[in-house]
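In what follows, a single structure is set out as structure tokens and then discussed.
Readers should treat all values here as calculations from the given coordinates under stated rules, not as data from a laboratory. From a predicted model like this one, the values you see are computed outputs, not experimental measurements. Virtual Cβ from ideal backbone geometry, glycine too; neighbours counted across all protein chains shown.
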Amino acid sequence: MVLGQIADGVGRGIGAVTDTLTSPFVDPTIRLGVTGLSRAGKTVFITALIANLMDRGRMPGLSAAARGSIRTAFLQPQPDDTLPRFEYESHLAALTGPTPHWPDSTRSISELRLSLRVQPQGMLGALSGIRTVHLDIVDYPGEWLLDLALLDTDYAAWSVEALRRAKERPAAAEYLALIEGTDATAALEEPTARRLADAYTAYLQAARAAGFSDCTPGRFLLPGDLAGSPVLTFAPLPKSGSPRGSLAREMARRFEAYKREVVKPFFRDHFSRIDRQVVLVDVLGAIHAGPAALEDLRRTMADILSAFRPGRNAWLTSLLLGKRVEKILFAATKADHLHHAQHGQLTAIAEALLREARDKADFAGAKTKAMALAALRATTEETRAHNGHQIDVVRGTLLDSGKQAAFYPGDLPDDPARLLAPARDGAQGWLDADYQVMRFAPAPVSLKPGEGPPHIRLDQAAEFLIGDRL
Ligand SMILES: Nc1nc2c(ncn2[C@@H]2O[C@H](COP(=O)(O)OP(=O)(O)OP(=O)(O)O)[C@@H](O)[C@H]2O)c(=O)[nH]1
Ligand SMILES: [Mg+2]
């Protein structure tokens, strides 16, 4: 029986090589995308997730960890040779070293492979023995997802929209003044193009720092090795005639080049391969920045999530060939700024933001969930007497002064509409309350063997994202 022999041979072969080789035949791989706008908490999330998957003492909410079926977890060389490696060791050393500090901002895409040795459950599991599941984690800026919308537009339409947004933001004054004095129909001069692109980038950076979310094109904030290249040397101009060789005509050409050479390759090479996705969002930061920032976040998150909607873009749909992301977790980060008594309210706001995106069109059966978490818990909780009543506060070390402080960020409403509605209506400030954010330094930790760094609900996030595959 030739067939039987081959089958047997394959079976033995697998038994012999699983320990050393990565075979797609036996080792399932989960490709987990982690995204969010800049400073949303991506690097801290990935670092803490890996550390807590390697040492699972604080992961009771991950059922495979709780029942002991994850035997070991170890880092391996990643499968993609051309992607930068996520610098896990240095980020972890920053967070948990003798003088804990937050890791530096990361400006590009990176990847890491964590392999888990898992004992499957049930009869079948006992028979099949321990298997390896590879978790390929890909960290990429959420700003890059926003660029998907550019594929549906041309330079003229994009300019109108970008300038409309700019006019609503104080940080754009200088750029708007610059284009006032620029003749878009004049012959292209590279220094002019450069000046415009630099001024536009400076505005985007200032807008981001002021709490605005939609600061596209994505590569302007995060240029990586494209900095200074012609694909990034364009900026929006008011509508005008654009004769051959003019500034406006060349800007339009570069805009198309940006779509072709920058946006499409990202979606083709990286986005299209993702199985599970987590979108991190600094909801508290936006609330603190005020109604305009929250409204901007709401719109931006709807745009970011729309990238996961099948049919959203014809080119992307044909690229995906029916493949879709199976699970999307939408997580409000830095929940350790709040006492747990207020976590429900934070989750409700995240849910409201997700629901709105989902209502427009569902994600074709992809499972979605919203939650509030802290990848690295930097505070402890306390209840204090204040003006005759008790308030729930968090305590931590302030990043700026290094002093200990107890902190109450303000009352989050039970009904998210109490924040989202005035934000949508263009309110100038919050009526009922003032929301504060303090920046805490990571707390020094002394970890017991088998324990990862402290977190809030990272185990539940992992259970949702990968629990079914372990
Ligand atoms: N208290 C607290 N702060 C956090 C947590 N996660 C992130 N932060 C804060 O948010 C900042 C940004 O976190 P990162 O993980 O670097 O965010 P990122 O999304 O990777 O940012 P970029 O690389 O700049 O895009 C950190 O420097 C911390 O100040 C958390 O779990 N708790
Ligand atoms: Mg980062």
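Between GLU89 and ALA157, the modelled label-to-label distance comes to 4.9 nm, taking each label 7 Å out from Cα in the direction of the beta carbon.
Can you sort THR368, THR333 from fewest to most other Cβ atoms within 10 Å of each residue's own Cβ?
Taking fewest neighbouring Cβ atoms as first place, the list is THR368, THR333.
Taken along the Cα-to-beta-carbon direction at a fixed 7 Å, the label points for HIS386 and ALA417 span 2.8 nm. Between TRP315, ALA197, PHE234, the Cα set farthest toward the positive side of the dipole of the chain (charges on each charged residue's Cβ, about the Cα centre) is that of TRP315. Between THR368 and ILE328, the built amide H atoms are under 5 Å apart, and every one of these is 5 or more places off in sequence or on another chain.
Could you grab the relative contact order for region 146-267? Cα pairs under 8 Å, six or more apart, rounded to a whole percent. Reported relative contact order: 37 percent.
Ranking of PHE74, PHE407 by neighbouring Cβ atoms within 10 Å, starting from the fewest: PHE74, PHE407.
Semi-axes of the equivalent ellipsoid of region 274-416 are 35, 15, 13 Å, computed as sqrt(5λ) over the eigenvalues of the C-alpha gyration tensor in descending order. Suppose we flag trypsin sites (Lys or Arg not before Pro) only when DSSP calls them loop and at most 11 other Cβ atoms lie within 10 Å. Which is the longest uninterrupted stretch of the chain? The answer is 68-243. Note on region 379-470: Cα-only Rg and Dmax are 18.0, 52 Å. Over 30 Å between C-alpha atoms is what I'm after, so list which of LYS259/LYS323; LYS367/LYS448; LYS327/LYS448 land there. Over 30 Å Cα-Cα: LYS367/LYS448; LYS327/LYS448. Couplings 3J(HN,Hα) of region 407-414, computed from phi: 9, 10, x, x, 7, 7, x, 5 Hz, in residue order, whole Hz [Karplus 6.51 cos²θ - 1.76 cosθ + 1.60, θ = phi - 60°; x for Gly and Pro]. Its alpha carbons give the chain an Rg and a Dmax of 24.3, 86 Å. By the beta-carbon count within 10 Å of each Cβ, the least crowded to most crowded order of SER69, SER213, fewest first, is SER69, SER213.
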